[in-house]
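Trainee: The structure is given below, and queries will be raised subsequently.
The values are calculated or read from the model by the stated rules, or taken from the named source; none is laboratory data. Fair warning: this is a prediction, and the values are worked out from it, not measured in the lab. Positions of Cβ are backbone-derived with ideal geometry, glycine not excepted, and every protein chain shown enters the neighbour counts. Accessible surface areas use protein heavy atoms only, side chains included; no ligands, DNA or RNA. Shrake-Rupley method; radii C 1.70, N 1.55, O 1.52, S 1.80 Å.
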Amino acid sequence: MKVKLNFEEIELVSRSLMSHRWKVENGEQGQNHPDFSATARLMDKLAVNHDGAELSFLPNKK
């Protein structure tokens, strides 16, 4: 499955990730929580696409 996102949609996803990252950082594990680094990596990947992007979702392997 593929989904096309425009710049504004990517920005919305990035802001949501940042909000989640702040909540994780203020939690018990803080910056040691696995989501803290994972959200940063995903935000970095999304930041390079200024004209939009197409996301491809891979099927679950069972």
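Trainee: Ser19 is checked against (1) without any contact (Cβ under 8 Å) to a residue 24 or more places away in the chain; (2) more than 13 Å from the chain's Cα centre (by Cα) and fails just one. What number does that condition carry?
Mentor: (2)
Trainee: Separate question: How do the pairs read when you match residues in the stretch 36-60 that are farther than 21 Å from Ser19 by Cβ with residues anywhere that are among the aromatic types (Phe, Trp, Tyr), using Cβ under 8 Å and keeping only pairs 6 or more apart or on different chains?
Mentor: The qualifying pairs are His50/Phe7; Asp51/Phe7; Gly52/Phe7.
Trainee: Does Asp44 qualify as being out of contact with any Cys (no Cβ under 9 Å at 6 or more places or on another chain), modelled with pLDDT under 90 and outside any loop (DSSP other than H, G, I, E, B)?
Mentor: Spelling it out, Asp44 is indeed out of contact with any Cys (no Cβ under 9 Å at 6 or more places or on another chain), modelled with pLDDT under 90 and outside any loop (DSSP other than H, G, I, E, B).
Trainee: If you scan the stretch 15-62, which residues turn out to be within 20 Å of Met1 (Cα to Cα), open to solvent by less than 70 Å² (accessible area, probe 1.4 Å) and charged (D, E, K, R)?
Mentor: Of everything in the stretch 15-62, nothing turns out to be within 20 Å of Met1 (Cα to Cα), open to solvent by less than 70 Å² (accessible area, probe 1.4 Å) and charged (D, E, K, R).
Trainee: From the list Glu11, Glu28, which one is free of Cβ contacts under 8 Å to residues at least 24 places away in the same chain and under 16 Å from Asp51 (Cβ atoms)?
Mentor: Glu11
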